[in-house]
Amino acid sequence: MSNTIIKVENLAKQYHLGQVGTGTMMHDVNRWWYKMRGKEDPYLKIGEANDRSTKGTSEYVWSLRDINFEVKQGEVLGIIGKNGAGKSTLLKILSRVTNPTVGNVKIKGRVASLLEVGTGFHPELTGRENIFLNGAILGMTKKK
């Protein structure tokens, strides 16, 4: 039996920049309001390469492309990168909040999302204690 607990193969996530579905109803209403006043859509400023300094020429943007890795039991994984690199998108796919456009994710065990910054974090607890607290709220045990 393999001791690989997370295996990601050829993972990619693409988003379609359209009239509806920017993430929240407020953003969709905001987009409609800009369009009705003849102003530029504020959500079409992301380029294909996720370069926010130039306007994109496509309706599609790749958040992740060709991601491959394995995590074995007992290993620790850190995900680092600059803003817009796809860190949160990868975590959302791993926790099954969103589905990948291409590729496979195989996970042994349970994965839960603690993505939202400050969500349920108690300032008097350490980071580790806060993670255990949030895990307990999600029904997980402290067992290693």
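Taken together, the values in this text are just the output of simple stated rules run on the coordinates, not laboratory data. If you're wondering where the values come from, they're calculated on a predicted model, not measured in any experiment.
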Sorted by chain and number, the residues with a modelled amide H under 5 Å from that of ALA112, at a separation of 5 or more or across chains, are none
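Want the number for SER88 to THR4: 0.36 nm per residue separation, take away the alpha-carbon distance, what's left? Walk me through the intermediate numbers first.
Values: separation 84, 0.36 × 84 = 30.24 nm, distance 2.23 nm.
Stretched fully, the SER88-THR4 segment lengthens by 28.0 nm.
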Computed ³J(HN,Hα) along the stretch 91-103: with the Karplus parameters 6.51/-1.76/1.60, θ = phi - 60°, integer Hz and x for glycine or proline, the list is 5, 5, 5, 4, 8, 6, 6, 9, 9, x, 6, 9, x
The pairs in LYS13/LYS108; LYS82/LYS143; LYS87/LYS143; LYS13/LYS82; LYS13/LYS72; LYS106/LYS143 lying past 29 Å Cα-Cα in this model are LYS82/LYS143
